[in-house]
Amino acid sequence: MLYEATFPIGAGQAGLNLQCRPSGVLAILQEGATQAACQFHASGPEMRQNHNALWMVTRMWYHLDRPLMWGDEVTLRTWHRGGRGPAMYRDFDLFVGKKPVGEAVSVWVLVDEESRRLLRLTDVGELAATDGGELCKSKKLSGLRLPSDMALVEQRRFHYSDIDCNGHVNNVRYADLAADAAGLEGRLGGQFVSELQIGYIKECMAGESIELLKAETAEGVYILGTGQKGDTRFDALLTLDKLPEED
C-alpha cells in the first residue's frame, strides 16, 4: 500500500549552509512511516491499545543525490515489504517537485510494551495485504563493521528533551549525536551528508550517559555510542560527498 505526503524543509530542520540536518531527514522518514501506518490502523497508539505493543525502529539508511535545502517541498512515497517474521522493512523514495532526490530503507520490529519481547508480525492482522508489492526494494540492512581504532570524542547525558512517547531516546536524536561526534560543523563547506546508516542496538533512557567514539575511513565517519558498562547502544556511518553542480 503506497502512501504519499509532502513535507516542507523549514528553519527547524535546516542547519549550516541551509542544508537539512541528518536528524531532519530522519524526522521526515519517521513522520512518513507513522502517517502510512495510520492508513491501515497500525499506528503506535493503535498497536499499544490493541496488542500492548510498541513499534521500534532497529536500523535506518538513506541516500541523497543532493542535500535537502531550506524551502524545499519534499514529497515522500513509502510502503512496507510485509511482515513475515519479527522484522518489517519499510522503503521510501524522495522527490523535490517531480525530480527524484533520494531513497531510504528502514527496519522495524513490534515489541511487547512490558517485556520488550519481539512479536511475530504475521500475527498482526492489521498488516495483512498492505505491503507495497512490486514497489518493494531489494536492499537489506545489516550491522556495521566498525573499525578497531575507535577513539573517544565525548560523553553525553540524556534528559527530558531527548525522550519520546515510548519513554526512550527518540531515534532522530541519535542522528544529532552522530553528526556532533563527526564534527559536521567543520565539514560542510562544499560537502553534504549524502548517506547515513544508523543502527539502534539498545534503548537509552533519561538520566543515562553514553560515550561517543569516532573513526574515519575511506567509507566515511563511523560513530559508536556505548553505555557506562561498555555495551553498544547505537552505531552509525556518515558518508560525505561534494555538492553536485547546479542545473
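The values are calculated or read from the model by the stated rules, or taken from the named source; none is laboratory data. Here the structure is a predicted model, which means the values were calculated and not measured. With ideal geometry, Cβ positions are generated from the backbone for all residues, glycine too; neighbour counts draw on all protein chains shown. Each accessible area value is taken on the protein alone, full model and side chains, heavy atoms only, with ligands, DNA and RNA left out. Shrake-Rupley method; radii C 1.70, N 1.55, O 1.52, S 1.80 Å.
Couple of notes before you dig in:
- The single condition among (1) over 29 Å from ILE9 (Cα atoms); (2) in a strand (DSSP E or B) that GLY82 does not satisfy is (2).
- The range 4-29 - residue that is touching a Lys or Arg at 6+ places or on another chain (Cβ under 8 Å) and open to solvent by 20 Å² or more (accessible area, probe 1.4 Å) and, of those, nearest to LEU94 (Cα to Cα): GLU4
- Strands (runs of 3 or more DSSP E) wholly inside the range 132-221 containing at least 1 residues that are under 15 Å from the mean Cα position of the chain (by Cα): 191-200
- Taking every residue in the range 22-49 that is outside any helix (DSSP H, G or I) and pairing it with any residue that is modelled with pLDDT of 90 or more, at least 6 positions away or on another chain, the pairs with Cβ-Cβ distances below 7 Å are PHE40/THR130; SER43/THR34; SER43/ALA37.
- From the list ASP235, ASP231, ASP164, the lone residue that is without any contact (Cβ under 8 Å) to a residue 40 or more places away in the chain, open to solvent by less than 70 Å² (accessible area, probe 1.4 Å), within 30 Å of GLY82 (Cβ to Cβ) and of a type in the set (Asp, Glu) is ASP164.
- Selection of the range 1-16 for residues being within 18 Å of the chain's Cα centre (by Cα), among the hydrophobic types (A, V, I, L, M, F, W, C) and not in a strand (DSSP E or B) yields only ILE9.
- Residue list for the range 102-138, restricted to those being in contact with a Leu (Cβ under 8 Å, 6 or more places away or on another chain) and of a type in the set (A, V, I, L, M, F, W, C): ALA104, VAL105, VAL107, VAL109, LEU110, VAL111, LEU118, LEU119, LEU121, VAL124, LEU127, LEU135
- Identity of the residue in the range 172-187, of a type in the set (Gly, Ala, Ser) and out of contact with any strand residue (DSSP E or B) (no Cβ under 6 Å at 6 or more places or on another chain), that ends up farthest from ILE223 (Cα to Cα): GLY186
- Residue match in the range 105-112 (condition: open to solvent by less than 40 Å² (accessible area, probe 1.4 Å), within 30 Å of GLU245 (Cα to Cα) and in contact with a helix residue (DSSP H, G or I) (Cβ under 8 Å, 6 or more places away or on another chain)): yes
- Restricted to the range 30-74, and to residues there that are surrounded by fewer than 20 Cβ atoms within 10 Å (Cβ to Cβ) and among the small types (Gly, Ala, Ser), the residue that is nearest to VAL172 (Cα to Cα) is GLY44.
- Boolean, SER115 is within 30 Å of LYS214 (Cα to Cα) and among the polar types (S, T, N, Q): no
- Of all residues in the range 176-197 being under 24 Å from TRP55 (Cβ atoms), out of contact with any helix residue (DSSP H, G or I) (no Cβ under 6 Å at 6 or more places or on another chain) and in contact (Cβ under 8 Å) with a residue 60 or more places away in the chain, the one that is most open to solvent (accessible area, probe 1.4 Å): GLN197
- Among the residues of the range 132-161, those identified as open to solvent by less than 60 Å² (accessible area, probe 1.4 Å) and within 24 Å of GLY44 (Cβ to Cβ) are GLY132, CYS136, LYS137, LEU141, PHE158.
- THR217 vs. criteria of a type in the set (Ser, Thr, Tyr), farther than 24 Å from LEU18 by Cβ and surrounded by 13 or more Cβ atoms within 10 Å (Cβ to Cβ): no
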